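Participant: Structure provided below as structure tokens; questions to follow.
The values are calculated or read from the model by the stated rules, or taken from the named source; none is laboratory data. For clarity, every value in this text was computed on a predicted model and none was experimentally measured. Every residue, glycine as well, gets a Cβ built from its backbone with ideal geometry; the counts of neighbours run over all protein chains shown.
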Amino acid sequence: MEPVLTARIGKPDSRSIDGYLADGGYGALRKVLTGGWTPEQVTEEVKKSGLRGRGGAGFSAGVKWGFVPKDTRGKPVYLLCNADESEPGTFKDRLLMERDPHQMIEGMILAAYALKCRTAYIYIRGEFYLGARILNEALEEAYAKGFLGENILGSGYALDITVHRGAGAYICGEETGLIESLEGKRGQPRIKPPFPAVSGVFAAPTIVNNVETLCCVPHIIGRGAEWFAKIGRNEKNTGPKLYCLSGHVNRPGVYEAAMGLQLKELIFGDAYGRGMKDGRKVKAVIPGGASANMLTAVEIEDCPLDFDGVAAKGSMLGSAAIIVMNEDTCIVDAAKNLSKFFSHESCGQCTPCREGTPWLYQVLSRIEEGEGRVEDVDLLARICNQMANGMTICVFADAAIAPPLSSVQKFRDEYQYHVEQKRCLVGAKALVAV
Amino acid sequence: MTHTRYRIAEAGEPRRFPPEAMARIEKILTRYPTKQAALLPVLWVAQETWGWISKEAAEEVARILELPPSHVDGVLTFYTMYHLRPMGRHVLQICTSISCHLAGAQRLIERCRERLGVGPEETTRDGRLSLVEVECIAGCDRAPSTMVDDTYHEPLDVAALDRLLDRLSQEA
């Protein structure tokens, strides 16, 4: 597949509006605003493309847009770009924003037009100083050229976009946590319903879309929904996709491919990861960021990297963060590291999550340090089962149990060895860090 | 979650924003339908103005945005990037999330401990450097990923860390 979302990334002037315009940029916006497209037509086109949200949930973007009530009772509609990329292992949105900011801005303007939205925000994580600076410069350029502000391209349509920096909280990537944070509060997720499309930020209809999702929009409008829908493994998993490959591979990085790339091709293919570092074997792969269940070396056979392909393996594509661990990795140590993350990032709102995440970390720590008890392995599973599946307001707890629960199920022998022998099955202690 | 207490501000520390910061705040307020929504950006202005956010600075933000100081306090203690105490001249953040962990990020933390005598969330006695252990900063393909102030330094092995620390310690 020829690159779509990353086509301009290597170019020296990939950030500037002149470079973007020279490559046909803002053509889709011109097509819509000067070609007499109605907002509904834009939504319909995105629906037809089969575009599913790239933030992790994989919900149809066009259908989501359609949830905004026709009559908003005088309330404005808000579009929020979720640029809070913080799922461990994920680094695609940073690339898209730092290297080709206008692609995302054009996508936002098109989405905002479809939603009849006049105020949009880019919620970008606080650590992305460079990304925020680049986006602010790009927005200034877009205002100067008349793609933002009043009467865009003479169409009468007006839109303002503001960059809003977060300040260090993973939970603000959850859409209602993001909304709370944008309102100037602690980023604690809200109970749904009401869904944001009905009542979101400032109690008004709100659509939250991921960076990569919005970057797809200009291409869908520019080249047509049918062209987009033909890319990908099947009609339910369409379009180009960015995969974030990290861990024990020869060539980690962001790779673009048609949705449904085989996981083994991503790890071993010449165009992608080029195999395992130092010729080691695969022990486990996390296919969709820290929140996804681990897969074993056997399970990665015939695993298409799309929403349904990874779900069929009992895990999820999530943010398409593929983290590869070799045979020397202590799985208990890896689960401990992931649990530390979730323990640190729990927002503290719901008891099962606030209490469960540090408990998991505590038990995993003592197993890893050779202080574990035989009953601890089952205790981990029991804690997990008490935390998730509807016990909490958001799905953070479901994410937090994925590493310990899936690793206990799939690598029980390593846990067993740890608690019985008081040492690590893979050899020297803490091999992961060596 | 951080549970850092405010440092008690010393007498004479600024409580009022300088005019250029006030101008920025006025501009920020035009971008939101409520004053409260400007809280995170205004706290960023405070941190950029004074380097950290004292209790007095937080109270001033509350006054400007017409919010209860307790609300500002709640927000400040929720987000990890607001410094509630003075930091070193530079802040070194080392990512220890899974991909960086697999690449040996812990060795960098150990090296800092050896060379500087400080652990995460601590500042060297000469006030030059604060060390922060940070969760995934989207640098996983160049692991271990680190940041000095607002700039990425990645990937960083122990030798490169030593060179970086040498450079920072020689700065005037």
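Participant: Helices (runs of 4 or more DSSP H) wholly in the range A:314-387 with at least 2 residues that are away from chain B (no Cβ under 13 Å) - which ones?
Facilitator: A:351-368, A:376-387
Participant: Kindly indicate the residue of the range A:331-377 that is small (Gly, Ala, Ser) and over 23 Å from the mean Cα position of the chain (by Cα) and also nearest to A:Asn293 (Cα to Cα) among those meeting that condition. Break it down into steps so the answer makes sense when it comes.
Facilitator: Initially, the range A:331-377 is screened for residues small (Gly, Ala, Ser), giving A:334-335, A:339, A:343, A:346, A:348, A:356, A:365, A:370, A:372.
Checking which are over 23 Å from the mean Cα position of the chain (by Cα) leaves us with A:356, A:365, A:370, A:372.
On the way: A:Gly356: 18, A:Ser365: 20, A:Gly370: 25, A:Gly372: 23 Å.
So the residue we want is A:Gly356.
Participant: Test of understanding: among A:Glu180, A:Glu212, which residue is over 16 Å from the mean Cα position of the chain (by Cα), in a helix (DSSP H, G or I) and not hydroxyl-bearing (Ser, Thr, Tyr)?
Facilitator: A:Glu180
Participant: Quick check on the range A:253-266. Is at least one of its residues surrounded by fewer than 24 Cβ atoms within 10 Å (Cβ to Cβ), of a type in the set (A, V, I, L, M, F, W, C), within 12 Å of chain B (Cβ to nearest Cβ) and under 30 Å from A:Val282 (Cα atoms)?
Facilitator: There is at least one residue in the range A:253-266 that is surrounded by fewer than 24 Cβ atoms within 10 Å (Cβ to Cβ), of a type in the set (A, V, I, L, M, F, W, C), within 12 Å of chain B (Cβ to nearest Cβ) and under 30 Å from A:Val282 (Cα atoms).
Participant: Between a residue in the range A:250-278 that is assigned by TED's automatic domain parsing to the domain that holds A:Ser319 and farther than 20 Å from A:Thr329 by Cβ and any residue that is in a loop (DSSP other than H, G, I, E, B) and among the aromatic types (Phe, Trp, Tyr), which pairs come within a Cβ distance under 7 Å, given they are 6 or more apart or on different chains?
Facilitator: A:Val254/A:Phe91; A:Tyr255/A:Tyr272; A:Glu265/A:Tyr272
Participant: Of the residues A:Asn210, A:Asn293, which single one is touching an Asp or Glu at 6+ places or on another chain (Cβ under 9 Å), crowded, with 19+ Cβ neighbours inside 10 Å, away from every other protein chain (no Cβ under 12 Å) and at pLDDT 95 or above?
Facilitator: Values: A:Asn293 fails: touching an Asp or Glu at 6+ places or on another chain (Cβ under 9 Å).
That would be A:Asn210, the only listed residue that is touching an Asp or Glu at 6+ places or on another chain (Cβ under 9 Å), crowded, with 19+ Cβ neighbours inside 10 Å, away from every other protein chain (no Cβ under 12 Å) and at pLDDT 95 or above.
Participant: Take the residues in the range B:85-116 that are assigned to a loop (DSSP other than H, G, I, E, B) and within 12 Å of another protein chain (Cβ to nearest Cβ), then tell me which one is surrounded by the fewest Cβ atoms within 10 Å (Cβ to Cβ).
Facilitator: B:Gly104
Participant: For the range B:68-79, give me the residue count where each residue is surrounded by fewer than 20 Cβ atoms within 10 Å (Cβ to Cβ) and within 11 Å of chain A (Cβ to nearest Cβ). Walk me through it before giving the result.
Facilitator: Filtering the range B:68-79 for residues surrounded by fewer than 20 Cβ atoms within 10 Å (Cβ to Cβ) gives B:68-71, B:73-74, B:77.
Those left that are additionally within 11 Å of chain A (Cβ to nearest Cβ): B:71, B:73-74, B:77.
Qualifying residue count, the range B:68-79: 4.
Participant: Which one is nearest to the other protein chains (Cβ to nearest Cβ) among residues in the range A:140-186 that are without any contact (Cβ under 8 Å) to a residue 40 or more places away in the chain and either touching a Ser or Thr at 6+ places or on another chain (Cβ under 8 Å) or acidic (Asp, Glu) (or both)?
Facilitator: A:Gly184
Participant: Give me the helices (runs of 4 or more DSSP H) completely within the range A:20-79, filtered to those with at least 3 residues that are surrounded by fewer than 22 Cβ atoms within 10 Å (Cβ to Cβ) and either in contact (Cβ under 8 Å) with a residue 24 or more places away in the chain or not hydrophobic (A, V, I, L, M, F, W, C) (or both), ordered by residue number.
Facilitator: Those helices (runs of 4 or more DSSP H) span A:27-34, A:39-49.
Participant: Being of a type outside the set (S, T, N, Q), within 19 Å of the chain's Cα centre (by Cα) and surrounded by 15 or more Cβ atoms within 10 Å (Cβ to Cβ) is the requirement here; does B:Leu156 meet it?
Facilitator: Taking the combined requirement at face value, the residue does not satisfy it.
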